[in-house]
Amino acid sequence: MAALTIRPISSKRDRKAFIDLPFRLYRDDPNWVPPLKGEALGLITPEKNGWYSHAKAQLFLAERSGSVVGRISAHFDTLALEMPATRGFGPGAGQWGLMEAEDEGIFRELLARAEQWLRENGSTRALGPISQSVWEEPGLLTEGYDHPPTVMMGHAKREYRGWIEAAGYRPVKELLTYDLDITKDFPPIVQRIIQSGEKNARIVIRQVDKSRFDEEAAIILGILNDAWRDNWGFVPLTEPEIRDVGVKLKPIVFNDLIRIAELDGRPVAFMITLPDLNEPLAGLNGSLLPFGWAKLLLWLRRPKVRTVRVPLMGVVKELQASRLASQLAFMLIEYIRRASVANYGASRAEIGWILDDNQGMRSIADTIGCSINKRYQIYEREL
């Protein structure tokens, strides 16, 4: 067998090869959704991804006989290094991700090279897979291979779990997504809580105004940073990241699917819901040419989907231990549920990811009749 070569990427051609590999490895997997290649390239191009303003990464390709047979990213986030270790990252924490390989031997060589790079850059432990920011696609899919991921969620081969665990990595944090049939009314007790909130003159649940995108985004970001600041793995979004995420998400932002809860006129909670962009992307094979752009543009004008995804919601820290927090959450979910069914034809929602120790959100999900449909695992090993 020809020798395996692991080398750092160094050119636009290398980045293209890095992006192209999954299209070959997953071509027979009906549940893999090909990303738009331009978007995928943007995530690994420092000039196009604000995450690189506070992070450093090195991408590696594995090649045999001139063909790409594997890939991996080694990286660290300077903001994550400043976190307390009890919140997931902290001093010495490096990460790896974007891992794909034809076989376990290739994976082990790639992982060893990524770990070497991390050690050379001061890391004393490695967490993965995290691809690449915790706000992108953290965790390895370990349950839920039988249906496609929703927008901005990952997919993986079943065998990867065994490879990672055989390499000495131990599970450190599990991320869960929940499935919800949104054509059904919520249980009577939840309906009563919502109706009580609607009678409370102090509470207003409003739609966002996309024409004031930057202002509304700032409000949501303020609540997010307060609500999530003690969560495992939380790294505040920076201005460059907010700018780039805004450009990426603005086309699939719809006023009635994003709501802000106000208490006495002050924003205290929010919920973001996105129509599942993966549904129209599934048939484009990563390219908008020759006619994919027209199909996607038509879809964006009036999207109809089976699924909507709730990637983020939060209630300010001061209210999180109160009954009001649950009431606001139920109201936000119910109002967006109605809009999703009536205006977008949706029949199901995917909520998450949710940290496995986030008992508040898991309790809300259980109460409204959700069931876990996917699990993503983050692993850790001392270097």
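The values are calculated or read from the model by the stated rules, or taken from the named source; none is laboratory data. Keep in mind that this is a model prediction, so the values were computed, not measured. As a convention, Cβ positions derive from the backbone with ideal geometry for all residues, glycine included, and neighbour counts pool all protein chains shown.
Descriptive notes on the structure:
- Filtering the stretch 352-383 to residues that are touching a helix residue (DSSP H, G or I) at 6+ places or on another chain (Cβ under 9 Å), among the aliphatic types (A, V, I, L, M) and either closer than 13 Å to G139 by Cα or assigned to a strand (DSSP E or B) (or both) leaves I354, L355, I372.
- Answer residue from the stretch 161-215, given it is touching a strand residue (DSSP E or B) at 6+ places or on another chain (Cβ under 9 Å) and of a type in the set (F, W, Y) and is nearest to R108 (Cα to Cα) among those: W163
- Selection from the stretch 198-247 of residues that are among the polar types (S, T, N, Q), without any contact (Cβ under 8 Å) to a residue 40 or more places away in the chain and part of a loop (DSSP other than H, G, I, E, B): N200
- Long-range neighbours under 9 Å by Cβ, at least six apart or interchain, first residue over 23 Å from T183 (Cα atoms) within the stretch 289-314, second part of a strand (DSSP E or B): G314/A269; G314/F270; G314/M271
- A Cβ distance below 7 Å, combined with a sequence gap of six or more or placement on separate chains, defines the contacts here; from the stretch 166-178, residues that are closer than 22 Å to W135 by Cα and in contact (Cβ under 8 Å) with a residue 12 or more places away in the chain reach residues that are surrounded by fewer than 17 Cβ atoms within 10 Å (Cβ to Cβ) and polar (S, T, N, Q) in the pairs Y178/S371.
- The condition of being buried (at least 16 other Cβ atoms within 10 Å of the Cβ), at pLDDT 95 or above and not hydroxyl-bearing (S, T, Y) does not hold for A166.
- Within the option set R71, R64, being within 27 Å of Y26 (Cβ to Cβ), touching a residue at least 24 places away in the same chain (Cβ under 8 Å) and in contact with a Phe, Trp or Tyr (Cβ under 6 Å, 6 or more places away or on another chain) holds for one residue only, R71.
- Take the conditions (1) farther than 18 Å from K56 by Cβ; (2) in a loop (DSSP other than H, G, I, E, B); G122 misses just one of them, which is (1).
- For R229, the test of being assigned by TED's automatic domain parsing to the domain that holds L328 and surrounded by fewer than 20 Cβ atoms within 10 Å (Cβ to Cβ) is passed.
- Selected residue (criterion: surrounded by the fewest Cβ atoms within 10 Å (Cβ to Cβ)) from residues of the stretch 55-99 that are in a helix (DSSP H, G or I) and more than 21 Å from the chain's Cα centre (by Cα): T86
- For the stretch 26-54, residues that are buried (at least 18 other Cβ atoms within 10 Å of the Cβ) and assigned to a helix (DSSP H, G or I) total 6.
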